[in-house]
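Student: First the structure, which I've put down as C-alpha cells, then a few questions once you've had a look.
The values are calculated or read from the model by the stated rules, or taken from the named source; none is laboratory data. Fair warning: this is a prediction, and the values are worked out from it, not measured in the lab. Please note: Cβ atoms are built from the backbone with ideal geometry, for glycine as well, and neighbour counts cover all protein chains shown. For the accessible areas, the whole protein counts, side chains as well, though only heavy atoms, and no ligand, DNA or RNA atoms are used. Shrake-Rupley method; radii C 1.70, N 1.55, O 1.52, S 1.80 Å.
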Amino acid sequence: MDGLKRLEAIEAIRNLKARYFRLIDTKCWVELAGLFARDLEVRTPEGAVYVSGGQAYAESLRQSLERAVSCHQGLTGEVEITGDATARGIWAMQDVIEWAEAHPRMGWKSILGRGHYHETYRIENGAWRIATLTLTRLRLDVTWPDGRKPA
Amino acid sequence: MDGLKRLEAIEAIRNLKARYFRLIDTKCWVELAGLFARDLEVRTPEGAVYVSGGQAYAESLRQSLERAVSCHQGLTGEVEITGDATARGIWAMQDVIEWAEAHPRMGWKSILGRGHYHETYRIENGAWRIATLTLTRLRLDVTWPDGRKPA
Amino acid sequence: MDGLKRLEAIEAIRNLKARYFRLIDTKCWVELAGLFARDLEVRTPEGAVYVSGGQAYAESLRQSLERAVSCHQGLTGEVEITGDATARGIWAMQDVIEWAEAHPRMGWKSILGRGHYHETYRIENGAWRIATLTLTRLRLDVTWPDGRKPA
C-alpha cells in the first residue's frame, strides 16, 4: 500500500474506533453493529472466543449497558496496516460505568477500569470494520450494590 | 479536496483541538481566543446560542476558570472535511475542575465530567478555527462548598 | 519536508508516544529503552537535566514502577516537524499509580496526576526516538501509606 493510502487507512480506523466508543455510550446499538465485521470475534486475553458475530456483540453490549450511564473513552492508539484490506491496532482505554441497579450478569454497581484494546480490522463491503477484539486490563475497580463485597 | 490535502486538514484540526484544551488549562486566554472564528457560536445541546464571538467565549472561560485548577482533556475524535474550508468533528472529553472558592455563576466547588464536543470548523485568515461548539455530557458529577447540596 | 513525508513523520511520532505509555504500564523495560535517543535528556520544568540517557531513564522507570500498578495515558497531542529528522510535541497526560508498598524514593502510596509532556524527537538509527522530555503538571493528588500526610 502506498504512503497516502496507508495514512488514509489509519485515519479511517482512528475514526472507526472513536465511533465505537461514542456509539456505545450514546446507546446507538444499530449503528454500533455496523462497525463490526459480520463474523467478529471477541476474545479473552487467553484467546478464547466468547462472543461471535458483530450483531451478537452489539446485542450483548445493549443488554449489559442499557440501564447504565457508561463512559468508554479511548486514548492514544497504535495502528498498523498489514495488507490491502487488513490492519491491527492497540488502543488505550478507560471505562467508567454506573448501573441503575447492577450489571445484569456480573452484579457490579459501578466500575472504573483502564486497559488496552488489541484489535484487528478488515475492509468489508467497502469500509473498515473491527474483525477481532480483545480487552486487557491494567486495573479494574468495582463497587457493589449496598456496599456488598464479592464473596 | 484531494487525499493529501484532506489528511493535512484533519491533522491541522486535531492540532487545533489539542491546543484548545491546553490553552484553557494553562490560562493562555489571548492565544485561546485566536483559535475561534470571530463569529463563533457556542450552542446548547438544544441548539440555542449562549455565547456569540470568539473573544466573548475566551473571556467567558477566563471568568469561569481563572480561580480554578482545571484539566480539560480530549480523547478520540472524528473529523470530517465537508468543503474546501469547512469541516466538522466530534471529540470525546473529560473535565476535572476545582475552584479556589466556587464557580462564579454555578456555585460548584468542583466538577468531574465526561461528554462530547460537537463542532464545526472554518478556515479564517488562513488557519482552521472553531466555528461552532456544542458540549453534550454523558455524566457530570459536582461537589459544593462545605458539602452543601443544590436546592 | 513534503506534505506526505510530514504526515508520515507525525503518524510515526504519534505511534511512538502511544508505545511509550503502553510499554511503561506493561513493564516492558527493554522495549521501552528502545524508544529513547541514546543521549535522552529528561528535564525539570525549569530546564535542569535530572536523567541523562535512554537506558538510564528506562532503568529509573523500572525502579520506580516495578512494584506498582501504573496507568499512564496520553490524550490529545500537538506534533510539529521542525527538520528532516527533528520534531517537537506536546501531549496531554494522566497517570494513576498505586504502589504495593510505596514509591521507593517519594514515599507515595498512590498518585492521580494530569499534565503535559513537552518533548523533542530525533531520527536515530532510522526510527523516531524521544530526545528530550519534560513533564509539567496541572495537578497531582497523592496519598500516603497508612493515611500518613507529608511533613
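Student: Rolling a 1.4 angstrom probe over the protein heavy atoms, how many square angstrom per residue are accessible across chain B? It would help to have the intermediate numbers written out before the result.
Tutor: Values: 6810 Å² over 151 residues.
Heavy-atom SASA per residue in chain B reads 45 Å².
Student: Separate question: With springs only between Cα atoms under 10 Å apart, run a GNM on chain C and tell me which of C:I111, C:I13, C:I24 wobbles the most.
Tutor: Ranking C:I111, C:I13, C:I24 by mean-square fluctuation puts C:I111 first.
Student: Would you calculate the separation in nanometres between label points at C:M1 and A:L112, each defined as 7 Å from the Cα along the Cα-to-beta-carbon direction?
Tutor: Going from the C:M1 label point to the A:L112 one covers 3.8 nm.
Student: Continuing with this model, one more query. Got a sec to turn the phi values of the stretch C:132-148 into Karplus ³J(HN,Hα) couplings, 6.51 cos²θ - 1.76 cosθ + 1.60 with θ = phi - 60°, whole Hz, x for Gly and Pro?
Tutor: 9, 8, 10, 10, 10, 10, 7, 6, 9, 9, 10, 10, 10, x, 6, x, 4
Student: Let me ask something additional. Heavy-atom accessible surface, probe 1.4 Å, ligands and DNA/RNA ignored: which residues of the stretch B:53-82 lose at least 50 Å² versus the isolated chain?
Tutor: B:C71, B:Q73, B:L75, B:T76, B:E78
Student: Here's something else I'd like to know. Which FRET efficiency, nearest 0.05, do C:R88 and B:E98 yield, Cβ-Cβ r, R0 22 Å?
Tutor: Values: r = 30 Å, r/R0 = 1.38.
Calculated transfer efficiency: 0.15.
Student: Express in whole angstrom the spacing between the alpha-carbon centres of the stretch B:1-37 and the stretch A:3-70.
Tutor: Computed from Cα coordinates, the inter-centre distance equals 28 Å.
Student: Can you tell which of C:G74, C:G107, C:G126 shows the greatest fluctuation in a Gaussian network model of chain C with Cα springs below 10 Å?
Tutor: Sorting by GNM fluctuation, first place goes to C:G126.
Student: Say the cut-off is 25 Å between C-alpha atoms; which of A:K27/B:K27; B:K17/C:K5; B:K27/C:K109 go over it? Write out the running numbers ahead of the final one.
Tutor: On the way: A:K27/B:K27 35 Å; B:K17/C:K5 23 Å; B:K27/C:K109 31 Å.
With Cα atoms farther than 25 Å apart: A:K27/B:K27; B:K27/C:K109.
Student: I would also like to ask the following. Viscosity 0.890 mPa s, temperature 25 °C: what is the translational diffusion coefficient of the stretch A:19-81 from Stokes-Einstein with a Kirkwood Rh over Cα pairs, rounded to a whole number of µm²/s? It would help to have the intermediate numbers written out before the result.
Tutor: Working: Rh = 12.7 Å.
Estimated via Stokes-Einstein, D reaches 194 µm²/s.
Student: Counting only protein heavy atoms and a 1.4 Å probe, tell me what percentage of the stretch A:83-140's accessible area is made up of carbon and sulfur.
Tutor: Values: 1260 of 2350 Å².
In the stretch A:83-140, the share of accessible area belonging to carbon and sulfur is 53 percent.
Student: Determine the dipole magnitude for the stretch A:3-143: charges of +1 sit on the beta-carbon of Lys and Arg, -1 on that of Asp and Glu, nothing else is charged, the reference point is the Cα centre, and the result goes in debye to the nearest 20.
Tutor: Values: 19 positive and 18 negative charges, 22 e Å.
Charge dipole of the stretch A:3-143: 100 debye, to the nearest 20.
Student: Now a separate question. Could you work out the relative contact order of the stretch B:25-151, using alpha carbon pairs under 8 angstrom and six or more residues apart, expressed as a whole percent?
Tutor: Numbers: 270 pairs, mean separation 29.7, N = 127.
Taking the mean separation of contacting Cα pairs over the length of the stretch B:25-151, I get 23 percent.
Student: Identify which of C:Y50, C:Y20, C:Y117 has the largest mean-square fluctuation in a Gaussian network model of chain C, with springs joining Cα atoms closer than 10 Å.
Tutor: Of C:Y50, C:Y20, C:Y117, the Gaussian network model singles out C:Y50 as fluctuating most.
Student: For C:V96, C:V69, give the ranking by accessible area with the largest first, probe 1.4 Å.
Tutor: Reading off the accessible areas and sorting them downward yields C:V69, C:V96.
Student: In chain B, once you exclude exposed GluC sites (Glu not before Pro) (DSSP loop, at most 11 other Cβ within 10 angstrom), what's the longest stretch remaining? Walk me through the intermediate numbers first.
Tutor: Working: sites that count: B:E46, B:E101.
With GluC sites (Glu not before Pro) excluded where exposed in loops, chain B gives B:47-100 as its longest stretch.
Student: I've got another one for you. So if the hydrodynamic radius of chain C is defined as the Kirkwood radius over C-alpha pairs, what does Stokes-Einstein give as its diffusion coefficient at 20 °C and 1.002 mPa s, in µm² per second?
Tutor: Working: Rh = 16.1 Å.
Rounded, D is 133 µm²/s.
Student: Given the options A:L35, C:T82, A:Y117, identify the residue whose Cα lies farthest towards the positive end of the charge dipole of the protein assembly as shown (+1 on Cβ of Lys, Arg; -1 on Cβ of Asp, Glu).
Tutor: The residue sitting most towards the positive pole is A:Y117.
Student: What net charge do the residues around A:E66 carry, taking every other residue with its C-beta under 11 Å from that of A:E66, with Lys and Arg at +1 and Asp and Glu at -1?
Tutor: Details: positive: A:K27, A:R62, A:R67; negative: A:E59.
Net charge in that neighbourhood comes out at +2.
Student: Please go through the stretch A:1-84 and write out the trypsin sites (Lys or Arg not before Pro) that DSSP classes as loop and that have at most 16 other C-beta atoms within 10 Å.
Tutor: On the way: sites: A:K5, A:R6, A:R14, A:K17, A:R19, A:R22, A:K27, A:R38, A:R43, A:R62, A:R67; in loops: A:K27, A:R67.
Within the stretch A:1-84, the qualifying trypsin sites (Lys or Arg not before Pro) (loop, at most 16 other Cβ atoms within 10 Å) are A:K27, A:R67.
Student: Let me ask another. Check which residues have an amide H placed less than 5 Å from B:G53's amide H, if you skip close sequence neighbours.
Tutor: So B:G53 has HN proximity to B:L40, B:E41, B:V42.
Student: Between A:S60 and the same site in the other copies, what are the distances in nm, shortest first, taking label points 7 Å from Cα along the C-beta direction?
Tutor: With the label placed 7 Å along Cα→Cβ, A:S60 yields 4.4, 4.4 nm.
Student: Roughly how many debye, to the nearest 20, is the charge dipole of the protein assembly as shown about its Cα centre, given +1 on each Lys and Arg Cβ, -1 on each Asp and Glu Cβ, and no other charges?
Tutor: Details: 63 positive and 60 negative charges, 191 e Å.
Once rounded to the nearest 20, the dipole reads 920 debye.
Student: Could you check what % of the DSSP bridge pairs in the protein assembly as shown are antiparallel, to the nearest 5?
Tutor: Numbers: 129 of 141 bridges.
Expressed as a percentage, antiparallel bridges in the protein assembly as shown total about 90.
Student: Still on this structure: Per DSSP H run of n ≥ 4, the term is -39500 (n - 2.57); total these for chain A, divide by its residue number, and report the mean residue ellipticity at 222 nm rounded to 500 deg cm²/dmol.
Tutor: On the way: 3 runs with 40 residues, N = 151.
Result for chain A, helices only: -8500 deg cm²/dmol.
Student: Among rounded, prolate and oblate, which fits the protein assembly as shown when a ≥ b ≥ c are the square roots of the eigenvalues of its C-alpha gyration tensor, a/c under 1.5 means rounded, and a/b larger than b/c means prolate?
Tutor: Values: a/c = 1.04, a/b = 1.04, b/c = 1.00.
In terms of gyration-tensor shape, rounded.
Student: Using a 1.4 Å probe and counting only protein heavy atoms, how much accessible surface gets buried when C and A come together, both sides summed, in Å² to the nearest 100?
Tutor: On the way: alone 8600 and 8600 Å², together 15400 Å².
About 1800 Å² of accessible surface is lost on pairing.
Student: Once both axes come from the Cα atoms, what is the angle between helix C:3-25 and the longest principal axis of chain C, in degrees from 0 to 90, rounded to 10?
Tutor: On a 0 to 90 degree scale, this one is about 20.
Student: Can you work out the Karplus-derived ³J(HN,Hα) for every residue in the stretch A:65-75? Use 6.51 cos²θ - 1.76 cosθ + 1.60 with θ = phi - 60°, whole Hz, and x for glycine or proline.
Tutor: 3J(HN,Hα) across the stretch A:65-75, in whole Hz: 10, 5, 10, 9, 8, 10, 10, 9, 10, x, 10.
Student: While we're on this one: Under the 0.36 nm per residue contour assumption, what length would be gained going from the current alpha-carbon distance of A:A48 and A:R105 to full extension? Don't skip to the answer; put the middle values down first.
Tutor: Working: separation 57, 0.36 × 57 = 20.52 nm, distance 1.90 nm.
In short, 18.6 nm is gained.
Student: Let me ask another. Give me a comma-separated list of calculated 3J(HN,Hα) values for the stretch A:115-125, in order, Karplus coefficients 6.51, -1.76, 1.60 applied at θ = phi - 60°, integers in Hz, x for any Gly or Pro.
Tutor: After applying 6.51 cos²θ - 1.76 cosθ + 1.60, I find x, 9, 8, 10, 9, 10, 10, 8, 7, 9, 6 Hz.
Student: Okay, moving on. Calculate the mean, over all residues of peptide B:120-130, of how many other protein chain Cβ atoms lie within 10 angstrom of the residue's Cβ. Mind dumping the intermediate values first?
Tutor: Values: counts 0, 0, 0, 0, 0, 0, 0, 0, 0, 0, 0.
That average works out to 0.
Student: Loop only by DSSP, 11 or fewer other Cβ within 10 Å of the Cβ. Give me the trypsin sites (Lys or Arg not before Pro) in the stretch A:81-151 that pass, ordered by residue number. Intermediate values should be presented prior to the final figure.
Tutor: Working: sites: A:R88, A:R105, A:K109, A:R114, A:R122, A:R129, A:R137, A:R139, A:R148; in loops: A:R105, A:K109, A:R148.
Sparse-neighbourhood loop trypsin sites (Lys or Arg not before Pro): A:R105, A:R148.
Student: Further, regarding this structure: Once Lys and Arg get +1 and Asp and Glu get -1 on their Cβ, which of A:G126, A:M106, A:S64 lies farthest toward the positive end of the dipole of the stretch A:59-151?
Tutor: The residue sitting farthest along the positive end of the dipole is A:M106.
Student: List every residue whose amide H lies under 5 Å from the amide H of C:A37, counting only residues 5 or more places away in sequence or on a different chain, with H placed 1.01 Å from N in the peptide plane.
Tutor: C:I130, C:A131
Student: Could you state how much accessible area B:F36 has, in square angstrom rounded to the nearest 10, with a 1.4 Å probe and all protein chains kept in place?
Tutor: Result for B:F36: roughly 10 Å² accessible.
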